[in-house]
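Asker: Right, I'll just put the structure down here and ask away after.
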Amino acid sequence: MSDQLIIFDTTLRDGEQSPGASMTRDEKVRIAKALERMHVDVIEAGFPIASQGDFESVQAVANVIKDSTICGLARALDKDIDRAGEALKGANSARIHTFIATSPIHMKMKLRMEPDAVVEQAVRAVKRARQFTDNVEFSPEDAGRSELDFLCRILEAVIDAGATTVNIPDTVGYNLPHQFGNLIGNLIERVPNSDKAVFSVHCHNDLGLAVANSLAAVSQGARQVECTINGLGERAGNASLEEVVMAVSTRNDVFDCNVDHLDRTQIVPCSRLVSSITGFSVQPNKAIVGANAFAHESGIHQDGVLKSRETYEIMRAEDVGWAANRMVLGKHSGRNAFRTRLQELGVTFEGEAELNDAFVRFKELADKKHEIFDDDLLALVTEASLDAENERVKLVALKVCSETGEMPNAVVTLKIDGVEKSASASGGGPVDAAFKAIESMVKSGTELQLYSVNNITSGTDSQGEGSEEHTSELQSRGLISYAVVCLKKKKKEKQKSDSE
Ligand code: KIV
Ligand code: ZN
């Protein structure tokens, strides 16, 4: 029997480090539930020392998730480890992941520490983490640019100190697959006590090689892969979970490990959820979860697939959950069906009032739109949660004029703390004008730096597409969301500086 490959998801930690992808505590819990439904082995829920918000998110995830191991990140510092231990108290199964940099450039320029001191600090950190849990992971940060002899030395020391997983990060995405595979093979061979720990990898995608590097490592003996949904993560992102998982399962003829324990039909719903929460849309040609991943355009391909699917398909769309995004509800559906489907998608309601509110919105949408897909439901509740969180400012009316040769102008009416106010402004485009009008009333101090509009769902009657009226409706909604994101970011930054 082949080994089971451990899937360690870090969407909530490294994924959240994607600029602009911050998530609230409740959103993190929703994603964690979706990962648990997929039977992901380990969920890295955050970096508890980073802020009070991060601490509470890890705590909330640890308290609700029962089947996956919950992990908290900590630098190799006592205060970080204690904070992680505290956040993970409620977990059924807890892991502390501690790290310190080991590459010459990081030790010299960033840590300003001698290698001996780095080894000493790593050992101390692992021993301290073991006081909270017997499941401890150690990462030599920037391992991809570290010296092999030094890596062997530090890994042997931390395994002796009690690390049960040693994770080799290619922090800056510098390695090529054959190099990274060799690195893992050499480490497993040369570290004397390598049989006492699971070897893991954590690859970044700066050269577009994160998945290839992870798979090369698996073929050389790595038995845990760290990855994220949709490949989110710092800079160019991390190895994408869906690609790693489907490569190992589709090419089980070449790997001597498996991912059979994962419910792969949860992949697409989980990808959709992460995309709708972060606002990061998935490119249509993205492997596995992109809208075109199973679409055949050329006549020759279509003909081939109709005759025999295997001619052009190496996986079945329904095996990764595409069929799950079927038409689920319509205007005759009842409250119970609505609640149940959202529960399946990882959304729970705090009380009857919240459910009723969302149900009213659902009925309004069902009147306009014949087919209600999972994405529609998720968009509906995401919008509802934005409203609930920001009751102080509400959009009452928006009028935008955009005409050839004229400067676009917007007139916006808002209700701020219950008082109605209107303002008008001109701008470089209709969105810029509307944003300026809002800002002149809200005075948040934020600036519009980037704005994009995507359709929320697919289909000819999808939300956000259609007549001009709908477009301005979407723009106003997008704009309010944008303002909310800016305000949330400001709040988050403030929380971070308060905790430092
Ligand atoms: O990329 C990296 O090195 C990390 C570590 C904390 C594992 O994210
Ligand atoms: Zn990373």
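Asker: Using the alpha-carbon centroid of each, what span in Å lies between segment 116-151 and segment 7-37?
Answerer: 25
Asker: On a 0 to 90 degree scale, rounded to 10, what angle separates helix 267-278 from the longest Cα axis of the chain?
Answerer: Approximately 70 degrees, to the nearest 10.
Asker: Quick one, can you get me the convex hull of the C-alpha atoms of segment 32-159 expressed as volume per residue in Å³?
Answerer: 106
Asker: Another question, if that's okay. Taking a cut-off of 20 Å between Cα atoms, list the aspartates and glutamates near Lys436, but don't count ones fewer than 8 places away on the same chain.
Answerer: Partners within reach: Glu403, Glu406, Asp417, Glu420, Glu447, Glu473.
Asker: As a test question: what accessible area, to the nearest 10 Å², does Leu176 have when a 1.4 Å probe is rolled over all protein chains in place?
Answerer: Roll a 1.4 Å probe over it and Leu176 shows about 70 Å².
Asker: Another question, if that's okay. Taking a quarter of the surface of the Cα convex hull of segment 252-366, what do you get in nm²?
Answerer: 10.5
Asker: Turning to a different aspect of this structure: Taking the 0 to 90 degree range and rounding to the nearest ten, how far is the long axis of helix 335-344 tilted relative to the main principal axis of the chain, both from C-alpha atoms?
Answerer: Tilt of helix 335-344: around 30 degrees.
Asker: Tally Lys and Arg at +1 and Asp and Glu at -1 over the other residues with C-beta under 10 Å from the C-beta of Leu345: what net charge comes out?
Answerer: +2
Asker: Using a probe of 1.4 angstrom, how much of the accessible area of the chain is carbon and sulfur, in percent?
Answerer: 49
Asker: Here's another thing I want to ask about it. What fraction, in whole percent, of alpha-carbon pairs in segment 170-306 exceed 22 Å separation?
Answerer: 45
Asker: Helix-derived [θ] at 222 nm for the chain: sum -39500 (n - 2.57) over DSSP H runs of at least 4, divide by residue count, nearest 500?
Answerer: Only helices count here, giving -13500 deg cm²/dmol.
Asker: Continuing with this model, one more query. Run through the DSSP bridge list for the chain and note the antiparallel percent, rounded to the nearest 5.
Answerer: 35
Asker: With charges only on Cβ, +1 for K and R and -1 for D and E, what is the dipole size of the chain about its Cα centre, in debye, rounded to 20?
Answerer: Charge dipole, the chain, about its Cα centre: 880 debye, nearest 20.
Asker: Using a Förster distance of 45 Å, how high is the FRET efficiency between Thr311 and Glu364, based on the Cβ-Cβ distance and rounded to 0.05?
Answerer: Once the sixth-power term is evaluated, E becomes 0.50.
Asker: Over the chain, with the other protein chains present, what is the accessible area per residue in square angstrom, probe 1.4 angstrom?
Answerer: Value returned for the chain: 47 Å² of accessible area per residue.
Asker: Kindly express, to the nearest 10 degrees and within the range 0 to 90, the angle between helix 148-161's C-alpha long axis and the longest C-alpha principal axis of the chain.
Answerer: 90
Asker: Hey, what D do you get for segment 139-236 in µm²/s if you plug the Kirkwood alpha-carbon radius into Stokes-Einstein at 10 °C and 1.306 mPa s?
Answerer: Result for D is 121 µm²/s.
Asker: Turning to a different aspect of this structure: Please list the equivalent ellipsoid semi-axes of the chain, computed as the square roots of five times the alpha-carbon gyration tensor eigenvalues, in descending order and whole angstrom.
Answerer: Semi-axes, largest first: 41, 28, 21 Å.
Asker: If you don't mind, another one. Can you give me the solvent accessible area of Tyr312 with a 1.4 Å probe, rounded to the nearest 10 Å²?
Answerer: 100
The values are calculated or read from the model by the stated rules, or taken from the named source; none is laboratory data. It should be emphasised that the depicted structure is a prediction, and the values quoted were computed from it without experimental measurement. With ideal geometry, Cβ positions are generated from the backbone for all residues, glycine too; neighbour counts draw on all protein chains shown. What goes into the accessible areas is simple: the full protein's heavy atoms, side chains included, and nothing from ligands, DNA or RNA. Shrake-Rupley method; radii C 1.70, N 1.55, O 1.52, S 1.80 Å.
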